[in-house]
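*Asks:* One structure is given below, represented as structure tokens, and several questions about it will come after.
The values are calculated or read from the model by the stated rules, or taken from the named source; none is laboratory data. Because the structure is predicted, anything quoted here is derived from the model rather than measured. Reconstructed Cβ throughout: ideal geometry from the backbone, glycine too, with neighbour counts over all protein chains shown.
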Amino acid sequence: MAEPEGDTLAWAYPRLVKLAGALRCSIVVERMPDGTGGCFIPDLRVIALNEDNSVNHQVKTLVHELSHALLRWSIETGEVELPYSQEELIVESVAYTVCGSIGLDTSAYSIPYLASWSEQTPMEIVELCAGWVDQVAKRIEDTIDLPPQPPVVARALAA
């Protein structure tokens with residue numbers, strides 16, 4: 001698994017930027033307060049990332065913020081209406097899922113974050129949100145696609 005503070009997921013970054021462009025979102029990398037990953041500004045269609053964070057951390061944040069953009073697209077077209085707490089539950093679940101699929105363990109951050117947003121959420125709403133998680137995660141995973149893996153070289157053992 002990739003470490004959150006590393007740069008091993010640099011290959012995924014341009015693919016996520018391409019998705020942002022397809023969603024007509026700009027990405028701005030700028031200085032932000034410590035502990036801030038980034039944000040999505042829906043009215044401006046801007047995703048801002050903290051320049052002080054590692055590449056892997058920026059990839060995780062970009063997945064989270066792209067999830068907001070994808071959900072906002074559905075909200076703007078009237079496909080879904082969500083209170084902010086449910087939106088956060090969905091987008092962090094997407095980030096956790098997508099990052100896990102590309103080898104980045106975000107559980108130390110994601111699990112407490114999800115718990116904080118789901119405390120007051122009834123189970124039927126969590127189940128409803130799961131459908132949105134699947135749809136948004138699939139869209140992002142299809143965009144990222146995994147990099148080619150090096151061939152496994154089998155070695156004959158001398159007897």
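*Asks:* Among the residues of region 75-87, what is the count of those that are in contact with a Phe, Trp or Tyr (Cβ under 8 Å, 6 or more places away or on another chain) and either at pLDDT 90 or above or among the hydroxyl-bearing types (Ser, Thr, Tyr) (or both)?
*Replies:* Here the count works out to 1.
*Asks:* Is there a residue in region 34-50 that is among the acidic types (Asp, Glu), modelled with pLDDT under 95 and more than 23 Å from Asp7 (Cβ to Cβ)?
*Replies:* Scanning region 34-50, I find at least one residue that is among the acidic types (Asp, Glu), modelled with pLDDT under 95 and more than 23 Å from Asp7 (Cβ to Cβ), so the answer is yes.
*Asks:* Another question, if that's okay. Are any residues in region 95-133 exposed (fewer than 13 other Cβ atoms within 10 Å of the Cβ) and among the charged types (D, E, K, R), and if so, which ones?
*Replies:* Selection gives Glu119, Glu124, Glu127.
*Asks:* Quick test of your reading of the structure: Phe40 fulfils all but one of (1) closer than 16 Å to Tyr109 by Cβ; (2) in contact with a His (Cβ under 8 Å, 6 or more places away or on another chain). Name the failing condition by number.
*Replies:* With (1) closer than 16 Å to Tyr109 by Cβ; (2) in contact with a His (Cβ under 8 Å, 6 or more places away or on another chain) applied to Phe40, the lone miss is (1).
*Asks:* Working only within region 6-50, note down all residues that are among the small types (Gly, Ala, Ser), part of a helix (DSSP H, G or I) and in contact with a strand residue (DSSP E or B) (Cβ under 9 Å, 6 or more places away or on another chain).
*Replies:* Scanning region 6-50 gives Ala20, Gly21.
*Asks:* May I ask you to list the residues in region 1-35 that are among the polar types (S, T, N, Q) and under 23 Å from Ser107 (Cα atoms)?
*Replies:* Matches in region 1-35: Thr8 only.
*Asks:* Return yes when Pro14 is closer than 21 Å to Pro4 by Cβ and out of contact with any helix residue (DSSP H, G or I) (no Cβ under 6 Å at 6 or more places or on another chain) and no when it is not.
*Replies:* yes
*Asks:* Please verify whether region 94-107 includes one or more residues that are assigned to a loop (DSSP other than H, G, I, E, B), at pLDDT below 85 and in contact with a helix residue (DSSP H, G or I) (Cβ under 8 Å, 6 or more places away or on another chain).
*Replies:* no
*Asks:* Mind listing whichever residues of region 108-140 are under 17 Å from His57 (Cα atoms) and either within 11 Å of the chain's Cα centre (by Cα) or not in a helix (DSSP H, G or I) (or both)?
*Replies:* Listed by number, the residues that qualify are Ser110, Ile140.
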